[in-house]
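Okay, so here's the structure we're looking at.
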Amino acid sequence: MDIFRPILEAVLNTLGSLAPFAPLLALCIAAEKFWAKYPVSNKTIAINLIYVVCAMALAHGWVLPWLFKLNAFIPQNLWHIELHAALTWRDVLLWLGYLVLYDFLYYWFHRLQHIVPWLWRYHFVHHSEENISAAAFARHHWLEEVWRYAFMTVPLLVIVGNPQVPFAVVSVIVTFAILMHWNTPIGFGPLERVFITPRYHRIHHSIEEQHMNRNFGAFLQLWDWLFKTRYVPRPDEFPSTGVRGYSDRHFLRYILPVPLLGKGEVSR
């Protein structure tokens, strides 16, 4: 029984961390039943949600604790920025800056995931969803946290240290992750030119050639604009998503510790 206790605790902790976002996720999934241009089956939703919980439990309960042992060897907060969990106006501005820095690091990490074959091998799990939807918001390989730690966590530690991130900041990150994958052609007016919206991010998951390697940001379109990877979709542009030639029948081989990709799946 002791063998399974850590696994059960990791799953329960993951469910607890996701609980505050369950209403938003449920609302998005329900809305997809009415407004989705490409319907998502209940089976696909269930598989994605189960996998997301299991992958996050494995990553946060086993992978990250080992990685965090490396924090002791990393110089931290070289910029001497004091970030507090309390949200005074000064703290709000500092945390907004933190999110912009996070977005910058995410942009380049995400872009490398599409350039470097080894990183793409793990990122493939996310793009393999044939019709991206809210339920797949965290459908990532459970070992992707290793690369995320190297390319994002370490720079954040060096620049601002290891602050206690307030729930408000975590909420922004998770809320954007859910909404950007929402399967809806609904537009958001002027925000479509500034933030990462469902229609904007769907271009990133598109199977169309003209959309390849576009729209890498997490919150803002700023980095895509600066580094020439921005593609603003037309009002009627809502493409099919996934990876050409991929079949969900082979899903299990893509979540192995070293994912087994076919020749046509090794690069994007």
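Taking all protein chains together and a probe of 1.4 Å, list TYR38, TYR122 from the most accessible to the least accessible. If you can, show how the numbers build up before the last one.
Values: TYR38 65, TYR122 5 Å².
Heavy-atom accessible area, descending, gives TYR38, TYR122.
Given a Förster radius of 30 Å and the C-beta distance between VAL194 and ASN71 as r, what FRET efficiency does 1/(1 + (r/R0)^6) yield to the nearest 0.05? Show your work: numbers first, answer last.
Working: r = 34 Å, r/R0 = 1.14.
The pair VAL194/ASN71 has a calculated efficiency of 0.30.
Going by accessible area, probe 1.4 Å, with all protein chains left in place, what is the ranking of TRP142, TRP108, TRP147, TRP120, largest first?
TRP108, TRP147, TRP142, TRP120
How many angstrom separate the Cα center of the range 22-54 from the Cα center of the range 170-185?
The two parts, judged by their Cα centres, are 12 Å apart.
As a check on your grasp of the helix formula, calculate [θ] at 222 nm for the chain: sum -39500 (n - 2.57) over DSSP H runs of n ≥ 4, divide by the residue count, round to the nearest 500. Don't jump to the answer; show the numbers that get you there.
Numbers: 12 runs with 129 residues, N = 268.
So the helix-based figure for the chain works out to -14500 deg cm²/dmol.
What is the set of long-range amide H partners of HIS141 at a cut-off below 5 Å, with H atoms built 1.01 Å from backbone N?
VAL125, HIS126
When the Cα atoms of the range 97-210 are enclosed in a convex hull and the volume is divided per residue, what value in Å³ results? Please list the in-between numbers first.
Values: hull volume 14.4 nm³, N = 114.
For the range 97-210, the hull spanned by Cα atoms encloses 127 Å³ per residue.
Quick query: amide H of LEU220 versus all other amide H atoms, modeled in the peptide plane; which residues come in under 5 Å with a sequence gap of 5 or more or a different chain?
ILE196
Could you state the principal axis extents of the C-alpha atoms in the chain, from the largest down, to the nearest angstrom?
52, 47, 37
Give the carbon-plus-sulfur fraction of the accessible surface of the chain in %, rounded to a whole number; probe 1.4 Å, heavy atoms of protein chains only. Before the final figure, lay out the partial values.
Details: 9820 of 14010 Å².
Taking all protein chains in place, the chain shows 70 percent carbon and sulfur surface.
The values are calculated or read from the model by the stated rules, or taken from the named source; none is laboratory data. In this text the structure is predicted, and so the values were computed from the model without any measurement. Cβ sites come from the backbone with ideal geometry, for glycine too, and all protein chains shown count toward neighbours. Just the protein is used for accessible areas: all its heavy atoms, side chains included, with ligands, DNA and RNA removed. Shrake-Rupley method; radii C 1.70, N 1.55, O 1.52, S 1.80 Å.
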